[in-house]
């Protein structure tokens, strides 16, 4: 794990890193010492680890909760050019053009990508939790849209994750089966007028979650119009389940 | 409007009152002086103005938000024996026994009751807002189940209401048409495994709400199993829209 020089702003220390092929960024409280909870943030499709929404949420979690936050580029996003994925994306466009259902194409793409991202993200947890100012505390996951499509298999596979905010995703491909394996508390976000994810598929994914404690939050608006008060809610959700559990 | 002697506990002053035929209770901060927002709480079916859940929520709103809270008995509930309603309830039981859909019977009953409760509740607002320690501030409404069935027509009719928490109710009878007239922010609670309100009718009522800002919160569990964290959320919702609007 190689780190660039850290920078700081608004009480948050930011460290860009590279772990094998995976470029990432770690945010911690300015003067962090000792172990603390860690939140992994998954970015959306076409975005990257430093997308404004990711950075904004990471800063909020770090400053309000005192946790560490980490984000990495998904293959073929951000700093990771990957021609294999370009080829798959081109093939998928052709499948949709030929009349195949967009949702099922997206579902199969996310399944393919998750085979790579799940082990990558677990390796990132291993590495980051060895740092003194992160340590082996409980782990939360925040991810919507692509971050939900990749987050569901990750949360299902990774026992260190004890709470997750997911959403803007649907029961496509293997997602519902994987969601049934999730048993940690989940806050699940739905945009009521989502033009990309049919409402019934969103509700079906929430329904499939195996968690005894799960809350669906639905708001009017399209896929990209999550209201700001949902970040307040996510912050309190992590405070309840990650910082002061029990 | 006649008041009994006030009592106080935990920083909350409680005044039982009678306004015409309507028995009610007003809660205010111990040392309240001057105008403040007011939250009207609707109770559930078979409950009354002093049901533990109503009192608990009222105390929470008063102590955390500094607002006034008021609740009244619905006809044939609490201190209000009303033989006409007994007769209707008996008739409704017979209709259900004869195979009529329970939801439609409940819907028509709530429509009938709302013809009486909407003007009663508006008169209570008039009277309570004349008190110096309540005054003419913005009004919130909290009510689920029967409190939603009667709350939807009330919020639709009463322009002083600027924010409402509703839920555990469905698009029965005229409810959807009335919901379309509601334009204030709404937090809408759904129990995902509600044995009394079919899920699709709950979602249809949320869908019908005319509010630009509305949030659906769905949690696992039956009709009576609202999780405690939803009261935290309702308190913050009223803080946002009633106490510090804009």
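Laboratory data are not the source of any read-out in this text; all were calculated from the coordinates shown. Small disclaimer: the values here were computed from a predicted structure and weren't measured. Reconstructed Cβ throughout: ideal geometry from the backbone, glycine too, with neighbour counts over all protein chains shown.
Once you sort the root eigenvalues of the Cα gyration tensor of region A:195-242 as a ≥ b ≥ c, which label holds: rounded (a/c under 1.5), prolate (a/b larger than b/c) or oblate (the other case)? Since a/c reaches 1.5 but b/c is at least a/b, the shape of region A:195-242 is classed as oblate.
If you take the Cα centroid of region B:144-189 and the Cα centroid of region A:119-190, the two points sit 36 Å apart. Between residue A:177 and residue B:98, the modelled labels are 5.1 nm apart [label points 7 Å from Cα along Cα→Cβ].
Pair-distance distribution P(r) for region B:129-189, from all Cα-Cα distances in 10 Å bins starting at 0: 24, 52, 19, 5 percent.
Between residue B:200 and residue B:91, what length in nm is gained on full extension when 0.36 nm per residue of separation is reduced by their alpha carbon distance?
36.6 nm
Just checking the output field for A:83-92: average partner chain Cβ neighbours within 10 Å of each residue's Cβ?
For this peptide, the per-residue mean of nearby foreign Cβ atoms is 0.
Between this copy and the others, label points of residue A:20 are 7.4 nm apart in ascending order, each placed 7 angstrom from Cα in the Cβ direction. Seen against the Cα atoms of chain B and their longest principal axis, helix B:102-128 is set at about 20 degrees. Shielding of peptide B:216-227 by partners, expressed as the average count of other chain Cβ atoms within 10 Å per residue Cβ, is 3.
Other chains near B:205-213: what is the mean number of their Cβ atoms within 10 Å of each residue's Cβ?
Working: counts 0, 3, 4, 0, 1, 0, 1, 2, 5.
Per residue, the average neighbour count from other chains is 2.
Helix B:229-238 axis versus longest C-alpha principal axis of chain B: approximately 60°, rounded to the nearest ten.
Axis-proximal residue of chain B for the rotation onto chain A, reported as residue and distance in whole Å: B:217, 3, based on Cβ position. Highest GNM mean-square fluctuation among B:59, B:48, B:223, for chain B modelled with Cα contacts below 10 Å: B:223.
Here region A:2-243 carries DSSP beta bridges of which approximately 40% are antiparallel, counting only pairs with both residues inside. Using a/c under 1.5 as the rounded threshold, could you call region B:78-130 rounded, prolate or oblate? The axes a ≥ b ≥ c are square roots of the C-alpha gyration tensor eigenvalues, and prolate needs a/b larger than b/c, oblate otherwise. Prolate is the answer for region B:78-130, as a/c is 1.5 or above and a/b outweighs b/c.
Calculate log10 I(q)/I(0) of the protein assembly as shown for q = 0.09 Å⁻¹, where I(q) comes from the Debye formula with a single equal point scatterer on each Cα and nothing for solvent. Here the Debye-derived log intensity ratios amount to -0.69. If I fit a long axis through the Cα atoms of helix B:83-97 and take the longest principal axis of the Cα atoms of chain B, what angle between them do I get, 0 to 90°, rounded to 10? Long axis of B:83-97 versus the principal axis of chain B: about 30 degrees. From the alpha carbon centroid of region B:49-79 to that of region A:12-83 is 45 Å. By definition, a body whose alpha carbon gyration tensor gives a ≥ b ≥ c is oblate when a/c is 1.5 or more and a/b is not larger than b/c, and region A:153-246 fits this oblate description. In 5 Å bins starting at zero, report the fraction of Cα pairs in region B:2-243 per bin as a rounded %. With a bin width of 5 Å, the distribution comes to 1, 7, 15, 19, 21, 17, 11, 6, 2, 1, 0, 0.
Estimated translational diffusion coefficient (Stokes-Einstein, Kirkwood radius over Cα pairs, 25 °C, 0.890 mPa s) of region A:49-193: 150 µm² per second.
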